Structure formats: structure tokens, C-alpha cells
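Participant: Quick one: structure below, then a few questions.
The values are calculated or read from the model by the stated rules, or taken from the named source; none is laboratory data. Keep in mind the model is a prediction, meaning the values are calculated, not measured. Glycine gets a Cβ as well: all are built from the backbone with ideal geometry, and neighbour counts include every protein chain shown. Please note that ligands, DNA and RNA were not included when accessible areas were found on the heavy atoms of the full protein model with its side chains. Shrake-Rupley method; radii C 1.70, N 1.55, O 1.52, S 1.80 Å.
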Amino acid sequence: MEKIIGYRGILSTAFTSVSTMVLILAGLHNGKISAQNPSAFNNSNSKGIFDQVKQIDAGVLNIGYVEAGPSNGQVIILLHGWPYDIRSFTEVIPKLAANKYRVLVPYLRGFGTTRFISNSTMRNGQQSALASDIIAFMDALHIQKAIIAGFDWGARTANIIAALWPERTRAMVSVSGYLIGSQQTGKMPIPPAAELQWWYQYYFATERGRAGYEKYRHDFAKLIWRLASPKWDFNDSTFDNSAASLDNPDHVDIVIHNYRWRLGLADGESMYDELEKKLAQAPVITIPTITMEGDANGAPHPDSNMYAEKFTGKYIHKLLTGGIGHNLPQEAPQAFADAITEADSLANMK
């Protein structure tokens, strides 16, 4: 069940239903891309698409991604979180492609088939680096503007793109709202109960934590899945399919650096300093936005009342009830897909 608990702007309820699904894995004719022969996948899910991962050089990375829908459709970029992967959107992808959107789902740095082009590039997990990766991804595919939607690390990345590059963002869907942070705020203590939820961040701050995550990353990830989505009854196959993406050779370095950087325990790269200065000001987001939250999210997340004022354009907040946890796109794929379509409709309104 979905409950709308916040509203700003005008809602549009005129959505067009599509009775037949069109799922076309479209190859791009510009840029350096490698891919297997594309094939359509069945109407009930998008499992087949994950056998058709493409690769493209973008910035400092060779990014792995999957694509569905018509090549001339409105572009949607879906961004996963940690410790998840692109399979969080297994059921979302065909729903959007059926509505004739061009859906792109990249692996973030440190996940899946995404690799650094140079061995000498710093394995940097800071927030502005991940956002810059997606801008480079869009540039490589010659995409000027896209709807961007994500959760966890993906939501933060979407927030940053919307805040710093609003001209590149048509609309946004963000699970858990406004997640832009800074090293300054990361150094400030929070109440003990809230600190407890971040136990893994402090674990990762130690060399024992790095070694432990390196040795037990799959066990660690499964624990996070259970804590973050306590009412989601996922099976071993669902977990194992995603956990394979954590075997990326840069994964541990990226994750450890990400959480240490947040606490000011690790330096970033100077090339991102100007971006981080802007983000430290907690910039508002002006593009049409829908934020979402599950009523059973066991991961650390802000209350929606704390961030509503950060969205100054057309804005809606939705609370999903019924035991929906942190991995909202995989636990409530229809609601997530519908929110993207609705955000697109907000962008169409004057």
C-alpha cells in the first residue's frame, strides 16, 4: 500500500496504460561500446537482460551497464546502492521499458563489471566521484538529459547530479530523500541510538574492519540486507545473484574509502574539491522530485520532515506501507516504477 504523506506542486493523475510490453536492448552507434548480441527478455521479469551487459569507457572508468527499451525513448538512469547491484531493478526495468522509456542501469564503481581504466587511478569512493562517473557515463552515451532514480548510494548520487547539474536532470526519484553530506557534518556526533545504526561505518574505520569485509564480504552483505529490510523474505538465489557483483577487484577499496571519507578519516582527490565545497553548502534541488520511504526501512535514514525544504521545485513524498525496507525498488517494484512515471509527468507540467 502506498500513502502520500507530503505534497508540493500539482499532481497529475493522467497516466497512459500500455497493454503490451516492448523490450528492446538497443545498441548505441556512438562511443566505444562492447556488448553481446542483444535479445528481448520475457514479460514477467528482466532476468535475461543481465546476460547482456555492455561496457563503455566513461571518464576514469570502463562502465558495465544494461539497457532496455526503445533507443529513442526518454532516458531513465537507475542507480543501485551498497551492498546491492543492478538486480535491485530486476522487476522495475521491464515495467519502464513497456512504457517506452529507454532504461539504463550502470554498475557503480567497485561493482560488477565496472573497472578503472588505469591501475594508477585512486580507488576513491567519495560522493562527488560517484556522481561525476554518471555524468561521464551520460557524456559517453551522448545523453544530454535523463530522469535519474536510485536508492542508498544511488539516491545520494542522484541527489548530487540534480543539485550540481540540474540541466542534465529531467526529474528525480530518491529513496530516503535528501542524502547529500559532507566531511564537516560527518565529523559531528549524533545521538547514541542513531550512532548505533552506523556500526559498520565505525567497523570499516579500522584495519580489522577492512580485513573482515575482505574476508567475509558476502556474509557481511547478507547481514546488511537482513538488517536493512527486516520484513523482506528474499531467498538465497536472489542474494547470490547480486552478491556476485561484490567480487569486483576494487570493491573493498571503494567501500572502505567511501565510509572513511565520510568521517574525515581519508582524503579525497583534489579534482573533486570544488564539487565538495558546493555540496558542503547542502544545495537545494530545483527539479521535479519524488522522494520515497518504506515503513520497514532498517537502515539509517533521515525523517522526511527534515529534508522536505531541500526540494524547491514540484515535489511529492511517498511512504510505502506493508513492510517495505531499504531495497525499495526490489521490494516494491511497481510503486518505484510508478513514481518514476509520475515524476516524468511532473516535469511535463508548466
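Participant: For the stretch 297-328, which residues satisfy the criterion of being β-branched (Val, Ile, Thr) and in a strand (DSSP E or B)?
Facilitator: Correct list: Ile316 only.
Participant: Given the criteria at negative phi and over 20 Å from the mean Cα position of the chain (by Cα), does Asp233 qualify?
Facilitator: Here the answer is yes, as Asp233 does meet what is asked.
Participant: Provide a single number: the residues in the stretch 284-296 that are assigned to a loop (DSSP other than H, G, I, E, B) and surrounded by 22 or more Cβ atoms within 10 Å (Cβ to Cβ).
Facilitator: Matching residues across the stretch 284-296 total 2.
Participant: Given the structure, is Gly73 closer than 19 Å to Ala140 by Cα, surrounded by fewer than 20 Cβ atoms within 10 Å (Cβ to Cβ) and in contact with an Asp or Glu (Cβ under 7 Å, 6 or more places away or on another chain)?
Facilitator: no
Participant: Being exposed (fewer than 11 other Cβ atoms within 10 Å of the Cβ) and not in a helix (DSSP H, G or I) is the filter; apply it to the stretch 191-241 and report the residue that is modelled with the lowest pLDDT.
Facilitator: So, considering only residues that are exposed (fewer than 11 other Cβ atoms within 10 Å of the Cβ) and not in a helix (DSSP H, G or I), the one modelled with the lowest pLDDT is Pro191.
Listed here are the residues, each with its yes/no results for (1) assigned to a loop (DSSP other than H, G, I, E, B); (2) of a type outside the set (Phe, Trp, Tyr); (3) farther than 17 Å from Thr289 by Cα.
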| position | (1), (2), (3) |
| --- | --- |
| Ile77 | no, yes, no |
| Pro83 | yes, yes, yes |
| Lys95 | no, yes, yes |
| Gly112 | yes, yes, yes |
| Asn124 | yes, yes, yes |
| Asp139 | no, yes, yes |
| Ile147 | no, yes, no |
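Participant: Tell me, please, whether a residue that is open to solvent by 10 Å² or more (accessible area, probe 1.4 Å), at pLDDT 95 or above, touching a Phe, Trp or Tyr at 6+ places or on another chain (Cβ under 8 Å) and among the basic types (Lys, Arg) can be found in the stretch 255-265.
Facilitator: Yes, the stretch 255-265 contains at least one residue that is open to solvent by 10 Å² or more (accessible area, probe 1.4 Å), at pLDDT 95 or above, touching a Phe, Trp or Tyr at 6+ places or on another chain (Cβ under 8 Å) and among the basic types (Lys, Arg).
Participant: In the list Ile135, Ile160, which residue meets the criterion of being in contact (Cβ under 8 Å) with a residue 12 or more places away in the chain, open to solvent by 10 Å² or more (accessible area, probe 1.4 Å), of a type in the set (A, V, I, L, M, F, W, C) and not in a strand (DSSP E or B)?
Facilitator: So the residue among Ile135, Ile160 that is in contact (Cβ under 8 Å) with a residue 12 or more places away in the chain, open to solvent by 10 Å² or more (accessible area, probe 1.4 Å), of a type in the set (A, V, I, L, M, F, W, C) and not in a strand (DSSP E or B) is Ile135.
Participant: Name the residues in the stretch 298-314 that are in contact with a helix residue (DSSP H, G or I) (Cβ under 7 Å, 6 or more places away or on another chain) and of a type outside the set (A, V, I, L, M), would you?
Facilitator: Gly298, Pro300, Lys314
Participant: Another question, then. So which residues in the stretch 67-108 are farther than 18 Å from Asp344 by Cα and either among the charged types (D, E, K, R) or touching a Cys at 6+ places or on another chain (Cβ under 8 Å) (or both)?
Facilitator: Of everything in the stretch 67-108, those that are farther than 18 Å from Asp344 by Cα and either among the charged types (D, E, K, R) or touching a Cys at 6+ places or on another chain (Cβ under 8 Å) (or both) turn out to be Glu67, Asp85, Arg87, Glu91.
Participant: Report yes if Thr321 is surrounded by fewer than 18 Cβ atoms within 10 Å (Cβ to Cβ) and under 17 Å from Trp165 (Cβ atoms), otherwise no.
Facilitator: It is false that Thr321 is surrounded by fewer than 18 Cβ atoms within 10 Å (Cβ to Cβ) and under 17 Å from Trp165 (Cβ atoms).
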